[in-house]
Amino acid sequence: MSDQEEKLEVKSLLSWVPIPRIKSNGLRRTITGLTLIAYFHIVVYYGLPLILLHALAIEIKCHDEIINIAIKAKKVPNVLHFRTLNWYFVIIANYFFFGETFADYLELFIGKYYVIKILFGYHRFLSFCLYFLGIIWFLTRLRRKFIRQQFSLLAWTHFLLIIIGLQSYMIVQNIFEGIIWLIIPVCVVILNDIFAYVFGRLLGKTPLISLSPNKTMEGFIFGGISTLVLGAFLSYIFCHINFLTCPVRFMETEDGIIMNTNCTPSYFFQPIYYDIGNTGIYIKLFPFLLHSLSFSLFASVIAPFGGFCASGFKRAFKVKDFSDLIPG
């Protein structure tokens with residue numbers, strides 16, 4: 001038997017071997033969720049640099065997905081270089097948003113290089129100039145046939161920079177005050193999504209909103225209660241970990257610049273006694289737990305409607321999914 005015949009025979013035999021496929025959406029979501037949780041743990045473990053890179057990557061991916069939908073809807077030809085112009089504005093917006101934050105918290109790094117020191121020292125003026133250079137570039141690319149679509153896309157770009165870019169700036173600002181200010185908001189959103197799905201599948205009977213028929217009132221309520229309880233539990237544990245609660249500060253040593261992860265806990269992470277009314281009963285709590293309850297309430301009541309907004313957006317533009325990057 002020749003090598004070619006052997007290969008054909010093996011291929012014929014393999015065609016009868018069943019290949020397992022994940023057909024259950026619940027199982028697919030479970031595997032994806034556990035993988036993302038493990039990956040999130042790794043990112044947090046390696047600290048600030050990796051967290052900042054991921055925050056930037058997520059911002060860019062979100063902007064890319066939505067602006068691509070807008071470009072397809074407006075049917076503007078690539079010859080007008082709108083994609084390049086769009087990314088120019090993204091870079092300038094990030095430079096404007098993060099300039100002062102990095103100048104304040106990364107002063108030891110910035111002070112070592114003259115060019116970088118100039119970029120961050122005069123970043124407001126430079127941002128202003130670079131932004132209007134972008135506007136001039138946009139005006140030079142205007143074409144009479146597509147002028148309406150071009151101005152519409154420019155408005156899309158600015159809207160996304162405010163919604164996505166500004167949020168990224170706020171997230172990074174919080175990270176520098178302590179990684180816990182990122183972890184807890186992310187965790188409570190994850191918890192709410194998980195338990196709303198679980199209770200919706202187990203107990204769900206009453207539809208919550210017509211845009212998302214799979215979302216139920218039972219999942220919304222019990223998911224919210226679970227988020228409040230587990231969010232407080234996680235917050236209590238994380239309040240004891242200096243690596244998470246300490247503001248990000250850098251110090252210069254003989255070996256170079258290192259991140260200082262030791263600090264005196266701030267007011268939010270020092271347990272104090274709260275008087276319950278005038279009953280004379282006191283309860284010992286970390287003040288951060290009160291913030292955690294606010295995060296949990298937001299994740300339970302407001303965050304789900306972000307998903308409904310996304311569902312409405314997809315239906316408006318006849319898009320099945322924003323991306324196939326994450327299965328399930």
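When you go through Ala155, Ala103 one by one, which is the residue that is surrounded by 15 or more Cβ atoms within 10 Å (Cβ to Cβ) and part of a helix (DSSP H, G or I)?
Going through Ala155, Ala103 in turn, just one is surrounded by 15 or more Cβ atoms within 10 Å (Cβ to Cβ) and part of a helix (DSSP H, G or I): Ala103.
I need a count of the residues in the stretch 125-145 that are in a helix (DSSP H, G or I) and under 17 Å from Thr84 (Cα atoms).
11
Determine whether Tyr88 is modelled with pLDDT of 90 or more and surrounded by 12 or more Cβ atoms within 10 Å (Cβ to Cβ).
yes
Residues of the stretch 245-266 being out of contact with any Cys (no Cβ under 8 Å at 6 or more places or on another chain), exposed (fewer than 14 other Cβ atoms within 10 Å of the Cβ) and assigned to a strand (DSSP E or B), which ones?
Met251, Glu252, Thr253, Gly256, Ile257, Ile258, Met259
Within the stretch 290-302, can you find the residues that are in a helix (DSSP H, G or I) and surrounded by fewer than 18 Cβ atoms within 10 Å (Cβ to Cβ)?
Listed by number, the residues that qualify are Leu290, His291, Leu293, Ser294, Leu297, Phe298, Val301.
Looking only at the stretch 283-327, filter to residues that are in contact with a Pro (Cβ under 6 Å, 6 or more places away or on another chain) and within 23 Å of Val189 (Cβ to Cβ); which one of those is modelled with the lowest pLDDT?
It comes out as Phe286.
Quick check on my filter: what residues within the stretch 267-282 are at pLDDT 85 or above and in a strand (DSSP E or B)?
If the condition is that a residue be at pLDDT 85 or above and in a strand (DSSP E or B), then Ile272 is the only one that fits.
The values are calculated or read from the model by the stated rules, or taken from the named source; none is laboratory data. Quick caveat, the model's predicted, so the values are computed rather than measured. For neighbour counting, all protein chains shown are included, and Cβ atoms are generated from backbone atoms with ideal geometry for every residue, glycine included.
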